[in-house]
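In what follows, a structure is listed as structure tokens, so that the remarks can point back to it.
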Amino acid sequence: MGLTVRRAGLAVVAATLALAGAVYGVSRSTAANAAVQLTGPQLVADMGAGWNLGNQLEANANGIPSETAWGNPVITQALIDRVKASGFKTIRIPVSYLGKIGAGPNYTVDSAWLNRIQEVVNYAYNSGLYVLINMHGDGYKSVGGSWLVCDASDQTTIKAKYQKVWQQVATKFASYNDHLIFESMNEEFDGQYGNPTQPCYSNIVAYNQIFVDTVRRTGGTNASRWLLVPGWNTNIEYTTGSYGFSLPTDTYRSTSIPSGEQRLMISVHYYDPWDFTGQEDGNITQWGAAATNPAKKSTWGQEDYLDQTMKKMYDTFVTKGYPFLVGEYGAIDKTSADSANNTYRANFAKAVVATAKKYGGATAYWDNGYNGQYGFGLFNRSSNTVTQQSIISAIITAAGGTSTTSPPVSPSPSRSASRSPSSSPSSSPSSSPSRSGSGACRAVSAVNAWNNGLTNNITITNTGSTAINGWNLVFTLPTGQTITGGWSATYSPSSGTVTATNVSYNGSLAAGASTTIGYQATHTGNAGAPTGFKLNGATCS
């Protein structure tokens with residue numbers, strides 16, 4: 001999103017055949033903490049509904065990034081827990097570097113800033129969510145200290161700086177699994193809302209190539225990680241049409257990736273029609289076929305236009321194996337002018353998510369943390385509460401899940417930024433909790449099943465009054481289930497009565513604290529949750 005600090009941003013445009021059988025049906029390695037090779041349709045299906053932590057890590061004061069500079073409070077684990085509990089499975093975290101970058105030729109990024117980025121990433125990543133991070137505000141001419149400027153004269157210096165910054169970021173996260181995705185940049189263009197210009201577009205294409213090559217060469221999971229690249233201003237027409245966009249080559253990707261598969265995604269945004277979604281007045285407050293007042297409805301940009309626009313992404317990229325992400329979409333709050341406005345905001349959000357899904361794309365709603373007139377906020381970030389349940393429910397339903405109005409069962413403790421990443425696929429928003437027994441612990445399963453396979457995330461809570469240091473969780477699998485891989489614990493044996501043992505980073509559970517572990521399994525028809533949970537011998541409820 002653009003740079004109107006507390007409200008709307010710069011208007012543009014935007015935007016999968018999320019195959020029904022692929023939902024949550026990913027094939028995971030038998031080795032815990034191993035990276036997973038997801039195909040495009042599998043990735044889009046597993047990402048589910050997405051949400052932006054906007055106006056935080058990309059916020060700045062006089063060119064110095066600061067997460068509170070634009071009026072939002074410090075980001076907390078409790079906020080991310082609330083977002084996850086609402087049904088979101090993906091969080092996009094916009095990031096600016098700006099004045100946190102040192103002088104050339106090394107262009108060293110401030111270590112404290114990198115650590116804070118990692119800490120916020122871990123809030124979501126360690127909760128089993130997909131996480132996207134990018135380089136967000138460094139290319140806006142209106143920002144003090146911006147430097148990633150596509151029509152600036154000294155492109156040699158810009159490209160060298162860009163390469164060094166991404167090299168440091170990629171190295172920082174090289175061991176994180178497939179639940180972390182990098183996005184090369186944000187709304188990169190020359191600042192003119194007309195047709196793309198040269199050599200600016202050629203430089204954007206070059207930035208994407210530098211990004212892909214740099215990330216791949218850092219090794220680790222980065223060699224096979226999904227990477228996200230935009231075209232001109234994340235505009236769908238200017239990305240799919242004959243205006244100068246071309247995909248980067250992926251020469252240095254891991255040889256473990258099947259030759260017929262891709263590991264690049266296309267980044268677009270969708271804010272059409274702008275007079276409804278972002279224009280800060282009360283003139284156009286309704287959208288879609290359900291609109292009741294023609295005078296309050298835009299003359300363009302309705303359902304048919306949305307479908308035609310998203311189809312361009314399918315025809316141009318998805319058919320060739322490249323999924324896409326509508327990394328931003330949404331509509332500002334105009335209820336001060338029309339009390340029914342939230343109904344149309346929810347209708348718009350639902351339509352964008354459903355249409356992107358239809359054509360092979362994932363989505364992430366733009367939330368700038370601002371609630372009230374002309375705000376995009378879905379949550380109050382100070383109280384960690386929901387402010388727009390109807391819009392959230394529309395999004396989650398369209399993505400294929402269910403949304404809850406209840407708070408998280410148990411807030412997760414903050415994780416250290418230096419914690420080792422683990423392979424923790426997120427649980428489905430539509431999962432049904434399963435409980436067993438009673439005692440000084442609680443175990444809740446969230447099973448996602450398909451054909452002859454399933455995943456299960458088990459949240460373990462110490463409901464006793466004393467801390468646990470080192471634990472074993474015993475449970476019994478339904479007949480016919482066999483564990484083929486797991487994360488955040490070791491599992492033995494693979495069927496029947498299983499013992500899950502903590503790993504190094506989650507063995508200590510303070511009174512009231514929780515941790516989530518999980519596994520993938522095959523089944524022969526019974527995809528039920530395990531039963532008979534016991535934690536260190538105590539029966540769990």
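The packing ranking, built from the mean of other Cβ atoms within 10 Å per residue, places the peptides 133-143, 517-527, 460-470 in the order 133-143, 517-527, 460-470, highest first. Legend: distances between Cα atoms for Lys100/Lys164; Lys297/Lys350; Lys141/Lys161; Lys89/Lys164; Lys297/Lys334; Lys141/Lys164; pairs beyond 23 Å are Lys89/Lys164. Of the peptides 272-280, 252-260, the order by per-residue mean of other Cβ atoms within 10 Å, starting with the highest, comes out as 272-280, 252-260.
Cβ-Cβ distance of Asn536 and Ser382, R₀ of 35 Å, FRET efficiency by 1/(1 + (r/R0)^6): the value works out to about 0.40. Across region 297-304, rounded Karplus estimates of 3J(HN,Hα) from the backbone phi angles (6.51 cos²θ - 1.76 cosθ + 1.60, θ = phi - 60°) give 10, 5, 7, 8, x, 8, 4, 5 Hz, Gly and Pro being marked x. Our coupling estimate for region 486-491, obtained by passing each phi through the Karplus curve with A = 6.51, B = -1.76, C = 1.60 and θ = phi - 60°, is x, 9, 6, 6, 9, 10 Hz, Gly and Pro reported as x.
Size of region 115-228 from its Cα atoms: along the principal axes, largest to smallest, the extents are 41, 26, 24 Å.
Protein heavy-atom surface of region 306-397, 1.4 angstrom probe: 48% of the accessible area is carbon and sulfur, with nucleic acids and ligands not counted. Close amide H contacts of Arg92 (hydrogens built in the peptide plane, cut-off under 5 Å, sequence separation of 5 or more or a different chain): Trp51, Asn52, Leu53, Leu132.
On the beta carbon distance between Asp281 and Tyr305, with R0 = 22 Å, the FRET formula returns roughly 0.55. A straight Cα-to-Cα reach below 24 Å connects Lys320 with the lysines Lys311, Lys312, Lys357, Lys358, residues fewer than 8 places away in its own chain not being considered. When each of the peptides 152-159, 384-391, 261-268, 204-211 is scored by how many other beta carbons lie within 10 Å of its residues on average, the order from highest to lowest is 261-268, 204-211, 384-391, 152-159.
In region 462-510, the inverse of the mean reciprocal separation of distinct Cα atoms equals 11.9 Å; this is its Kirkwood hydrodynamic radius.
Within the chain, DSSP assigns beta bridges of which about 60% are antiparallel (rounded to the nearest 5). Only helical runs count toward this figure. For the chain, summing -39,500 (n - 2.57) over DSSP H runs of n ≥ 4 and dividing by all residues gives -7000 deg cm²/dmol at 222 nm. Value of Rg to Rh for the chain, rounded to two decimals, is 0.96; Kirkwood radius and Rg both from alpha-carbon coordinates.
The values are calculated or read from the model by the stated rules, or taken from the named source; none is laboratory data. Since the model is a prediction, treat every value here as computed from it, not as a measurement. No Cβ is skipped: glycine too gets one built from the backbone with ideal geometry, and neighbour counts run over all protein chains shown. Accessible surface is based on the protein model in full, side chains and every heavy atom, while ligands, DNA and RNA are left aside. Shrake-Rupley method; radii C 1.70, N 1.55, O 1.52, S 1.80 Å.
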